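This report refers to the structure that appears directly beneath it.
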Amino acid sequence: MQRRSLLALPMLMSACAARPPVQEVAVTSPPMDSRLLYCVPYARERSALDIRGDGWQWWEAAIGRYARARRPEPGGVLVFHKTSRLRDGHVSVVARVVGEREIRVDHANWDAQRGGGPIVLDQPVVDVSAGNDWTAVRVWYPPANILGTTVFPTAGFILPRPPSDATPSV
């Protein structure tokens, strides 16, 4: 009898180690590599957009050089406005579109650390704008493993192609 209970113990312990149910917006990813970067050099490297300046300056700098849009596309760059929490703005590269109001981004230094921060991949970003136009978003916060509660204003998406008459003006 005691032997059976000893055999059952490893099975019970493995059940405790099982992963909890996946949340609606889930997942964190390890850094892509050990480099600590600011968001701008990382986005420039990943997107092949040749834009300089702080993240918030990218939106205006793209005029006449790259297509700008209100809808995400993989490879596009989401530009965050400058705020009290994002003194230099921020830029993230769209890794994939999950749905009408959710994308996954790759970006660096979301924690706004001095000297740069880690590169994180496939992080959820959710559109919370009233007009469903990606002008306000919430971003996954890896240290807490949750979707952040702060709403960040955004300018839109810069697409890695020349502007054209077919691109909606924003």
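Here, each number is a calculation from the coordinates, and none is a lab measurement. Please read all numbers here as calculations on a predicted model, not as lab measurements. Cβ: placed from backbone, ideal geometry, glycine included. Neighbour counts: every protein chain shown.
Remark: spin-label model distance Val97-Arg70 equals 1.4 nm, labels positioned 7 Å along the Cα→Cβ axis.
The packing ranking, built from the mean of other Cβ atoms within 10 Å per residue, places the peptides 46-55, 116-125 in the order 116-125, 46-55, highest first.
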